[in-house]
Amino acid sequence: MGLTPHLWVSDMNRSIAFYRDIAGWEVQRVEPLDQPTFASLKRGDVGLMLSPFSESFDGWPMVEAVQARRGQAGAVSFYIEAGDIEAEYEHARAAGANVVDPLADRPWGQREFTIADPDGFWWAHWKAL
């Protein structure tokens, strides 16, 4: 069984660039290329889908519900296991990532840091101590 979050974002090109260039995801599919309304990305065994808030998708009822929830606060952090955590942290910082929580050892046995994507979704990168 796998898990693939579907994030609704404000600017597809900006989000695709963030996940590819800063967070280290591999772009699998972007449609259409000139003005994307869907993107699929992968990092290891984890998938991620992106769609814009502004697209109606031919009246898909879920989109109306998503648009109504836009801007509401949520206490969600996505945790993703890191390979070389120091290198990932330095890369994210050098690329201009919004660091929410800097790299540090945690009392629960992990070394981790958290960055926010352009829409405020939090991604905690971790590695066991």
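The values are calculated or read from the model by the stated rules, or taken from the named source; none is laboratory data. These figures come from a predicted structure and were not determined experimentally. Glycine also receives a Cβ, built like all others from the backbone with ideal geometry; neighbour counts cover every protein chain displayed.
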Can you list the strands (runs of 3 or more DSSP E) lying wholly within region 32-129 that have 1 or more residues being at pLDDT 95 or above and over 22 Å from LEU3 (Cα atoms)?
98-105, 110-116
Residues of region 27-46 satisfying the condition of being surrounded by 17 or more Cβ atoms within 10 Å (Cβ to Cβ) and within 23 Å of VAL100 (Cα to Cα)
LEU41
Only one of (1) part of a strand (DSSP E or B); (2) surrounded by 13 or more Cβ atoms within 10 Å (Cβ to Cβ) does not apply to GLY24, and that is (1)
List every residue pair whose Cβ atoms lie under 8 Å apart, where the two residues are 6 or more positions apart in sequence or sit on different chains, the first residue falls within region 86-98 and is loosely packed, with under 12 Cβ neighbours inside 10 Å, and the second residue, located anywhere, is assigned to a helix (DSSP H, G or I).
GLY96/ILE22
